[in-house]
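Down below is the structure, laid out as structure tokens.
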Amino acid sequence: MSGRAAARLDGLGFRSVFRYTPGKMDWAANGLPTEGHLARYPRLGRVARADVPTCRVDERIGDVRDRRASWPITVVVDDHAVVVGVLRHDPHDVDRFARVEQAMRPGPITLRPNIPLATAAEYLRRMGLDPALVTTSDGVLLGAARREDVERLATETVARTGGKP
Amino acid sequence: MAKEVLREEVRELVGGGAAVVEVLPADEYEHEHIQGAINIPLRNLDREAPERLRRNEPVIVYCNDYQ
């Protein structure tokens, strides 16, 4: 539809026409601001926390474990912050010198920031995910959302609005 | 002929004063649209574009996705 619009504007004499082909789905999926009815409801990006620890594939398990804070995972990212894996911390990790690449789970499930909270909460429960990794459509890490935060805000939203968006 | 752009270019163009136009029907626009975008449904383009847009300024059009 935008292709036809762009062509028509060109025919109407508009000389500087651009077509954002990926459209508003791409825009919203990358956590960029939107307006309208749906924008009034909080989405998964609202509860994603950017303080989830990260590391690289070539780091040592022992070094990563020391910075995990209260998170049960560390997200493995590349130089462009693209998610490549997740390291779930095991209290029985004994080989501090093993590389992250040897212990991580590659290709974890990631969710987009524009997913409605109720949808996200159901998905996390069904898939047994906690926390959820939130990324752009290019796989760049935005943060991690704890299931309890997703469920709490989803419940509050339903109570406030009287229903799911 | 229109140039295809990605979202980072959209942000730059908007920063430079480009108009952003969603060409979907009004109910879809009301449901959700890019912040700051106006709505000119495709079927109204001939009538409304000359009234609401400036021919010598950049315009970005979009819809849902790769439609």
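The values are calculated or read from the model by the stated rules, or taken from the named source; none is laboratory data. Because the structure is predicted, anything quoted here is derived from the model rather than measured. For neighbour counting, all protein chains shown are included, and Cβ atoms are generated from backbone atoms with ideal geometry for every residue, glycine included. In case anyone asks, the SASA skips ligands and DNA or RNA and just uses the protein heavy atoms, side chains included. Shrake-Rupley method; radii C 1.70, N 1.55, O 1.52, S 1.80 Å.
Points to keep in mind about this one:
- Share of pairwise Cα-Cα distances greater than 21 Å in segment A:87-165 is 41 percent (whole percent).
- DSSP bridge pairs, the protein assembly as shown: antiparallel proportion in percent, nearest 5: 50
- D_trans [Stokes-Einstein, Kirkwood Rh over alpha-carbon pairs] for chain B, 37 °C, 0.692 mPa s, µm² s⁻¹: 263
- One Cα centroid belongs to segment A:102-133, the other to segment A:1-70; the line between them spans 17 Å.
- Take the Cα radius of gyration of the protein assembly as shown and divide it by 2.2 N^0.38 Å, N being the number of residues; the result is 1.24.
- Cut-off under 5 Å, modelled amide H: who pairs with A:Thr34 long-range: B:Gln35
- Taking all Cα-Cα distances within segment A:96-142, those exceeding 18 Å account for 41%.
- Whole-Hz couplings from phi, Karplus 6.51/-1.76/1.60, listed for segment A:61-69; x for Gly and Pro: 4, x, 5, 6, 4, 5, 10, 6, 6
- Accessible surface ranking for A:Met127, B:Met1, 1.4 angstrom probe, highest first: B:Met1, A:Met127.
- 5 angstrom amide H check on A:Gly143, placed H, neighbours 5+ away: A:Val134
- Comparing A:Ser70, A:Ser137, A:Ser16 in a Gaussian network model of chain A, where Cα atoms under 10 Å apart are tied by springs, the biggest mean-square fluctuation is seen for A:Ser16.
- B versus A: buried accessible surface, summed, Å² (probe 1.4 Å, to nearest 100): 3800
- Counting Cβ atoms of other protein chains within 10 Å of each Cβ in B:4-10 and taking the mean gives 5.
- 5 angstrom amide H check on B:Ile60, placed H, neighbours 5+ away: A:Phe18, B:Ala19, B:Val20, B:Val21
- ³J(HN,Hα) computed for each position of segment B:47-57 - Karplus, 6.51 cos²θ - 1.76 cosθ + 1.60, integer Hz, glycine/proline x: 7, 8, 4, x, 7, 9, 10, 9, 4, 9, 10
- With the helix formula -39500 (n - 2.57) applied to DSSP H stretches of n ≥ 4, chain A reaches a computed 222 nm mean residue ellipticity of -9000 deg cm²/dmol.
- Dipole of chain B, positive end: most advanced residue of B:Gly17, B:Leu42, B:Cys63 [Cβ charges, Cα centre]: B:Gly17
- The accessible surface of the protein assembly as shown, taken with every protein chain in place and a 1.4 Å probe, is 49 percent carbon and sulfur.
- Karplus-derived 3J(HN,Hα) values for segment A:138-150, using 6.51 cos²θ - 1.76 cosθ + 1.60 with θ = phi - 60°, are 8, x, 6, 5, 9, x, 10, 10, 6, 4, 5, 5, 4 Hz; glycine and proline are entered as x.
- For chain A, built as a Gaussian network whose Cα springs stay under 10 Å, the top-fluctuating residue of A:Asp149, A:Asp79, A:Asp58: A:Asp79
- Alpha carbon convex hull of segment A:53-92, volume per residue in cubic angstrom: 65
- Inter-chain shielding of B:38-48 (mean C-beta neighbours from other protein chains, 10 Å cut-off): 2
- Residue-level accessible surface for B:Glu48, protein heavy atoms, 1.4 Å, Å²: 30
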